[in-house]
Amino acid sequence: MLCDVHKLYVVHSSHPSEAVKAALALKGIPYKTVELLIPTQVLLMRLRFPERSVPALRLDTGEKVQGSIAIMRRLDELVPDPPLLPADEAARAAVLGAELWGADVLQPLARRVFWAAAKRSPASIPSYQAASQLPRLPKPIVRVVFPPVARLEIAMHGAGEDAVRADLQALPGHIDMVDDWIGEGVIGGAQPNAADLQIGSSCTRSATSARCWPGARRRSWRCATSPSIPATCRPAPTPPAGCPRAPDLRRRGARAQAPPGGSPWRRRAAGRTRPAPRPPGRRR
Ligand SMILES: N[C@@H](CCC(=O)N[C@@H](CS)C(=O)NCC(=O)O)C(=O)O
């Protein structure tokens with residue numbers, strides 16, 4: 001069966017969805033957005049696609065592609081220019097490694113931190129709805145509906161206090177690694193690539209959520225403001241200034257070093273050992 005237009009299924013403010021929207025925009029591919037209200041995608045996507053998550057793309061031919069990485073690959077086949085992967089083999093391997101790390105490590109971390117932060121700061125939720133296509137839910141309804149949704153998402157994504165504390169302690173090491181990739185030209189070049197979109201969208205999501213967490217908030221988030229990260233990958237939502245703090249994290253100090261030995265992702269992606277750790281206290 002032929003549809004007349006490509007359809008991209010998203011939930012609003014979903015970072016992998018933003019990455020795919022940016023890829024479609026870069027390639028100038030017209031599409032229609034089908035926005036689902038979180039967390040209804042868990043049921044509704046299963047009716048249309050093999051998996052329950054967004055983003056998912058239904059091409060005008062009826063072909064279905066689900067998952068941000070799979071969609072990016074398919075878009076490159078459909079519209080090769082501009083490419084989302086470099087032609088040079090070594091550069092391509094580095095970008096693929098960074099993209100995979102972005103999808104497997106940073107993306108779920110950003111999701112966990114978001115839900116934990118949103119639970120702490122339910123007042124920030126309307127700001128995340130700002131650019132949504134769906135009718136804005138009245139605040140009293142958000143107040144009633146949000147707590148069980150947050151509990152469900154936290155359970156689904158393993159975003160309990162301990163997991164998020166570990167995430168926030170690992171985050172500075174992750175950001176250093178992303179900044180190194182920017183320095184090496186793997187990401188952050190003149191032309192955004194697939195890793196820029198994958199990592200940039202998660203960085204911006206983490207950066208907005210991390211405003212709730214004092215240690216993480218001190219970081220400069222160079223990755224979230226890199227010029228190669230298209231504006232569509234930078235969701236505007238900002239938790240309010242009065243967003244509650246996390247006393248346990250403040251006591252421990254969230255500026256932790258990367259895990260000993262560094263990330264295996266980094267070594268696999270770059271094909272070399274991790275550089276010596278930076279001197280303590282260095283700020284970007
Ligand atoms: N790694 C996948 C994950 C997508 C994903 O988990 N999307 C979230 C929204 S940001 C979702 O739909 N979650 C629902 C679920 O996992 O049940 C991708 O990049 O497409």
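Computed from the coordinates by the stated procedures, all read-outs in this text should not be read as laboratory data. All figures in this text were calculated on a predicted structure; none of them were measured in a lab. Because the Cβ atoms are built from the backbone with ideal geometry, glycine has one as well, and the counts that use them run over all protein chains shown.
Computed log10 I(q)/I(0) for the stretch 7-78 at 0.12, 0.26 Å⁻¹: -0.26, -1.28, from the Debye equation with unit scatterers placed on every C-alpha and solvent omitted.
Across the stretch 1-125, the relative contact order, built from alpha-carbon pairs under 8 Å that are at least six residues apart, equals 24 percent. Extension gain, residue 5 to residue 74: 0.36 nm times the residue separation minus the Cα-Cα distance gives 23.3 nm. Positive contributions from Lys and Arg (+1) and negative ones from Asp and Glu (-1), summed over other residues with Cβ under 14 Å from the Cβ of residue 8, come out at +4. Taking the average, over residues, of other Cβ atoms within 10 Å as the packing measure, peptides 150-158, 22-30, 54-62 rank 54-62, 22-30, 150-158 from highest down.
Among 204, 40, the ranking by other beta carbons within 10 Å of each residue's beta carbon, starting with the fewest, stands as 40, 204. Beyond 23 Å in Cα-Cα separation lie the following of the pairs 7/27; 21/119; 7/139; 21/64: 21/119; 7/139. Counting Lys and Arg as +1 and Asp and Glu as -1 over every other residue whose Cβ lies under 13 Å from the Cβ of residue 27, the net charge comes to 0.
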